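A.B. asks: One structure follows; several queries about it will come next.
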Amino acid sequence: SLGAALTEAGRLSEADRVLEAAIDCARANDDEGLEAHAVVEQLFLRIQVDTEKAMTEARELGERLQATFEANQDARGLCKLWRLRALVHWLDGRCRAADAAWEQAAEFARAAGDDRERADILAWIASSAFSGPIPVGEGIRRCNAIREQVQDDRRSMAATLYSLAGLYAMIGRFDPARELFALACRT
């Protein structure tokens, strides 16, 4: 958790040291579940530092990590792993695959009872609706459905509204696009 927080704060070197220590500690205590969590967090961090290498590692370790989380019935771990997979697909420019992985991650976040994580994932799905290959009408429907689900999370709501505004602009409906954009800015 500390490693993840340090990563989010942009303290990447310190986060890497903490996560490396967590991995070493987990191995010394033969705790595969803790090790898997630390490895996933470290891969998220390393994607920011050496993207291609970390993406390759994520692909190579994915099945082993999934097996560990499944064996421990660890919905939180599976959520993080599917988010990592989604990010790898997203960075590869594979929006549909990223979208499917985020859908899996959202289900595991729901199973783990992590509403904040689920809201953040849904905002990424809204982004995929805007940037990906689905038709605009379907993207608008999807974003409106997500909008209803994330109304208690301001950051996710704002991100969803930005995507929705972009979709309206794509079809020339500039007044609703401007209104949604302004609402996103106020959120």
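The values are calculated or read from the model by the stated rules, or taken from the named source; none is laboratory data. Every value quoted in this text rests on a predicted model; they were computed, and no experiment measured them. All Cβ positions, glycine included, derive from the backbone under ideal geometry; neighbour counts span all protein chains shown. Just the protein is used for accessible areas: all its heavy atoms, side chains included, with ligands, DNA and RNA removed. Shrake-Rupley method; radii C 1.70, N 1.55, O 1.52, S 1.80 Å.
A.B. asks: Just to be sure, is R142 farther than 22 Å from D92 by Cα and more than 15 Å from the chain's Cα centre (by Cα)?
C.D. replies: yes
A.B. asks: Taking segment 106-129, which residues are part of a helix (DSSP H, G or I), over 11 Å from the mean Cα position of the chain (by Cα) and over 10 Å from C95 (Cβ atoms)?
C.D. replies: Passing the criteria: E107, F108, R110, A111, A112, D115, R116, A126.
A.B. asks: Here is a check on your reading of the model: is R46 loosely packed, with under 15 Cβ neighbours inside 10 Å, basic (K, R) and on the phi < 0 side of the Ramachandran plot?
C.D. replies: Working: loosely packed, with under 15 Cβ neighbours inside 10 Å: no; basic (K, R): yes; on the phi < 0 side of the Ramachandran plot: yes.
Against the criterion (loosely packed, with under 15 Cβ neighbours inside 10 Å, basic (K, R) and on the phi < 0 side of the Ramachandran plot), R46 does not qualify.
A.B. asks: Can you list the helices (runs of 4 or more DSSP H) found entirely within segment 132-187 that contain at least 1 residues being open to solvent by less than 20 Å² (accessible area, probe 1.4 Å) and under 23 Å from A86 (Cα atoms)?
C.D. replies: It comes to 136-149, 154-170.
A.B. asks: Restricting segment 69-84 to residues that are among the hydrophobic types (A, V, I, L, M, F, W, C) and over 22 Å from D30 (Cβ atoms), which is surrounded by the fewest Cβ atoms within 10 Å (Cβ to Cβ)?
C.D. replies: At the first step, the residues of segment 69-84 found to be among the hydrophobic types (A, V, I, L, M, F, W, C) are 69, 71, 75, 78-79, 81-82, 84.
Remaining after also requiring over 22 Å from D30 (Cβ atoms): 75, 79, 82, 84.
On the way: A75: 18, C79: 25, W82: 24, L84: 25.
Filtering first and then ranking leaves A75.
A.B. asks: Of the residues L19, L61, which single one is crowded, with 20+ Cβ neighbours inside 10 Å and part of a helix (DSSP H, G or I)?
C.D. replies: So the residue among L19, L61 that is crowded, with 20+ Cβ neighbours inside 10 Å and part of a helix (DSSP H, G or I) is L19.
A.B. asks: Could you please let me know if A101 is out of contact with any Ser or Thr (no Cβ under 9 Å at 6 or more places or on another chain), free of Cβ contacts under 8 Å to residues at least 12 places away in the same chain and crowded, with 17+ Cβ neighbours inside 10 Å? Working first, answer last.
C.D. replies: Values: out of contact with any Ser or Thr (no Cβ under 9 Å at 6 or more places or on another chain): yes; free of Cβ contacts under 8 Å to residues at least 12 places away in the same chain: no; crowded, with 17+ Cβ neighbours inside 10 Å: yes.
The answer is no for A101.
A.B. asks: Return only the number of the condition from (1) free of Cβ contacts under 8 Å to residues at least 40 places away in the same chain; (2) open to solvent by 30 Å² or more (accessible area, probe 1.4 Å) that T51 does not satisfy.
C.D. replies: That leaves (1) as the condition not met.
A.B. asks: Just to be sure before I move on: is E103 part of a helix (DSSP H, G or I), modelled with pLDDT of 95 or more and over 28 Å from D50 (Cα atoms) in the structure I sent?
C.D. replies: Working: part of a helix (DSSP H, G or I): yes; modelled with pLDDT of 95 or more: yes; over 28 Å from D50 (Cα atoms): no.
For E103, the condition - part of a helix (DSSP H, G or I), modelled with pLDDT of 95 or more and over 28 Å from D50 (Cα atoms) - is not met.
A.B. asks: Further, regarding this structure: Let me spell it out: the conditions are (1) free of Cβ contacts under 8 Å to residues at least 12 places away in the same chain; (2) in a helix (DSSP H, G or I), and G93 meets all of them except one. Which number is the exception?
C.D. replies: For G93, the exception is condition (2).
A.B. asks: In addition: Within segment 136-148, is there a residue that is among the aliphatic types (A, V, I, L, M) and either within 29 Å of T56 (Cα to Cα) or in contact with a strand residue (DSSP E or B) (Cβ under 9 Å, 6 or more places away or on another chain) (or both)? Explain how you work it out, then say what you get.
C.D. replies: At the first step, the residues of segment 136-148 found to be among the aliphatic types (A, V, I, L, M) are 136, 140, 145-146.
Still in the list and also either within 29 Å of T56 (Cα to Cα) or in contact with a strand residue (DSSP E or B) (Cβ under 9 Å, 6 or more places away or on another chain) (or both): none.
No.
A.B. asks: Just to be sure before I move on: is A9 open to solvent by less than 60 Å² (accessible area, probe 1.4 Å) and either more than 19 Å from the chain's Cα centre (by Cα) or aliphatic (A, V, I, L, M) (or both) in the structure I sent? Spell out the reasoning first.
C.D. replies: Working: open to solvent by less than 60 Å² (accessible area, probe 1.4 Å): no; either more than 19 Å from the chain's Cα centre (by Cα) or aliphatic (A, V, I, L, M) (or both): yes.
Answer is no for this residue.
A.B. asks: If you don't mind, another one. List every residue pair whose Cβ atoms lie under 8 Å apart, where the two residues are 6 or more positions apart in sequence or sit on different chains, the first residue falls within segment 140-159 and is charged (D, E, K, R), and the second residue, located anywhere, is surrounded by fewer than 14 Cβ atoms within 10 Å (Cβ to Cβ).
C.D. replies: The qualifying pairs are D153/R116.
A.B. asks: Taking the condition more than 27 Å from D31 (Cα to Cα) and β-branched (V, I, T), does I134 pass? Break it down stepwise before answering.
C.D. replies: Numbers: more than 27 Å from D31 (Cα to Cα): yes; β-branched (V, I, T): yes.
Here the answer is yes, as I134 does meet what is asked.
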